[in-house]
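The values are calculated or read from the model by the stated rules, or taken from the named source; none is laboratory data. None of these values were measured; they are calculated from a predicted model. Here the Cβ positions follow ideal geometry from the backbone for every residue, glycine too, while neighbour counts run over all protein chains shown. We work out accessible area using only protein heavy atoms, side chains counted, and drop any ligands, DNA or RNA first. Shrake-Rupley method; radii C 1.70, N 1.55, O 1.52, S 1.80 Å.
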Amino acid sequence: MKTKLTELLDITYPIIQAPMFLVSNTAMVIEAMKGGIAGCIPALNYRTLDDLRASIQELKATKVNGGSFGYNLIVNKSNIKYKEQLRVLCEEGCDFIITSLGSPEETINQAHAVGIKVFCDVTDLKFAQKVEGLGADAAIAVNNQAGGHRGNMNPEELIKHLTDNISIPVISAGGVGCKADIDKMLSYGAAGVSVGSPFIASVEAGVTEEYKQACVDYGAEDIVMTERISGTPCTVINTPYVQKIGTKQTWLESVLNKNKKLKKWVKMIRFTIGMNAATKAATKVTYKTVWVAGPSIEYTKSILPTRDIIKKLTQ
Ligand SMILES: Cc1cc2nc3c(=O)[nH]c(=O)nc-3n(C[C@H](O)[C@H](O)[C@H](O)COP(=O)(O)O)c2cc1C
């Protein structure tokens, strides 16, 4: 399975275990590296910069041949820790950074100065061309099957549209749960895939057994988009609690959102409330079951060690 992604990261298989807020941790990434793929953790999963630094040091110490590790940075204003996180990543070093939400210019410049590769989340050609112009090493094409903040185009359409028009490698994110899916994405022209949801129900994931079991019990048709987590539509499992609270912004929010001056504050409040709810649901037993996941949980039939999930993707 040699592709531009395996060359870029010096990995055995063209797969990145995608960064997932609250879910990804060093235990998963260590297993990912042992399995010959790359693993990535959102920097925001660490409450303090010392915790982030300790995580990088742990991964540097356990890195094995055939695997590689990176961190995800939210590069827009919603992440008030962004500049400090970037500094710590550049001081400590890692193989790659995945940027999401916002311009990756500063990250690319600083990371490249210390030899870290930068891959940027994109959902359309315009942004893909922008990141290529800024020097990104690859574009992560987030399609309409992805978990989290998904894109609008289907995988085939998006991969072909991008590979026809940009020359950096395109890594497909969304909807992959088995080797046949990966072969399909590569046949459309992708250099590799970034896989998130199928790893939620891994033994190593840092979330409750209830969340993992929900990924087993629910399937693709149970995924809905909600505006009630970050303000930006996000995929969640349609649990009875999600059905009860609804997936649209409240009447008050929609009225306040029409006011230009108030809009920013409404978004910030929604972001804080929504993130707290998602954090509680992922880490504590609660009836408020707001569980982020994408349709590829369809492939999740039991809670498995990360290494077995990698086997399903590679064999
Ligand atoms: C639970 C969950 C949390 C996520 N958190 C993040 C995140 O913090 N940063 C990010 O860039 N992408 C995040 N994503 C998106 C993933 O990195 C990746 O693009 C997506 O999972 C790919 O689609 P898949 O779930 O079908 O594999 C998240 C996805 C899920 C399912």
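So here's what we get for this one:
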{"read-out": "Cα gyration tensor shape of region 123-267, rounded if a/c is under 1.5, else prolate or oblate by comparing a/b with b/c", "value": "oblate"}
{"read-out": "Which of Leu101, Gly115, Leu44, positive extreme of dipole for region 43-199 (C-beta unit charges)", "value": "Leu44"}
{"read-out": "Dipole magnitude of region 209-296 about its Cα centre (Cβ charges: Lys, Arg +1; Asp, Glu -1), debye to nearest 20", "value": "800"}
{"read-out": "Solvent exposure ordering (accessible area, 1.4 Å, most first) of Ser230, Ser103", "value": "Ser103, Ser230"}
{"read-out": "Value of relative contact order over region 21-82, rounded to a whole percent, pairs C-alpha under 8 Å and six or more apart", "value": "39"}
{"read-out": "Whole-Å distance, taken between Cα centres, linking region 90-141 and region 264-314", "value": "25"}
{"read-out": "Lys288, Lys248, ranked by accessible area, largest first (probe 1.4 Å)", "value": "Lys248, Lys288"}
{"read-out": "Debye log10 I(q)/I(0) for the chain, one point scatterer per Cα, at q = 0.09, 0.13, 0.15 Å⁻¹", "value": "-0.41, -0.91, -1.25"}
{"read-out": "Point-to-point label distance, Asn257-Lys244, nm (Cα→Cβ direction, 7 Å offset)", "value": "2.4"}
{"read-out": "Relative contact order (%) - region 209-296, alpha-carbon pairs under 8 angstrom, separation at least six", "value": "40"}
{"read-out": "Gaussian network model of the chain, springs between alpha carbon atoms under 10 Å - residue of Val255, Val236, Val23 with greatest fluctuation", "value": "Val255"}
{"read-out": "Aspartates and glutamates whose Cα lies under 19 Å from that of Lys288, excluding same-chain neighbours fewer than 8 positions away", "value": "Glu209, Glu210, Asp217, Asp222, Glu227"}
{"read-out": "DSSP bridge orientation in the chain - percent antiparallel, rounded to nearest 5", "value": "15"}
{"read-out": "Protein-only accessible surface order, largest first, of Met268, Met185 at 1.4 Å", "value": "Met268, Met185"}
{"read-out": "Reach of Lys34 by Cα under 28 Å, taken over lysines that are not fewer than 8 positions away in the same chain", "value": "Lys2, Lys4, Lys60, Lys63, Lys117, Lys179, Lys184, Lys212, Lys301, Lys311, Lys312"}
{"read-out": "Value of Rg to Rh for region 129-171 (Rh from inverse mean 1/r over Cα pairs, i.e. Kirkwood)", "value": "0.97"}
{"read-out": "Mean projection area, nm², convex hull over Cα of region 209-296", "value": "5.6"}
{"read-out": "Karplus (6.51, -1.76, 1.60) ³J(HN,Hα), θ = phi - 60°, over region 249-259, in Hz, Gly and Pro reported as x", "value": "5, 5, 4, 4, 4, 5, 5, 5, 5, 7, 8"}
{"read-out": "Contact order relative to length of region 1-136, as percent, for alpha carbon pairs under 8 angstrom and 6 or more apart", "value": "18"}
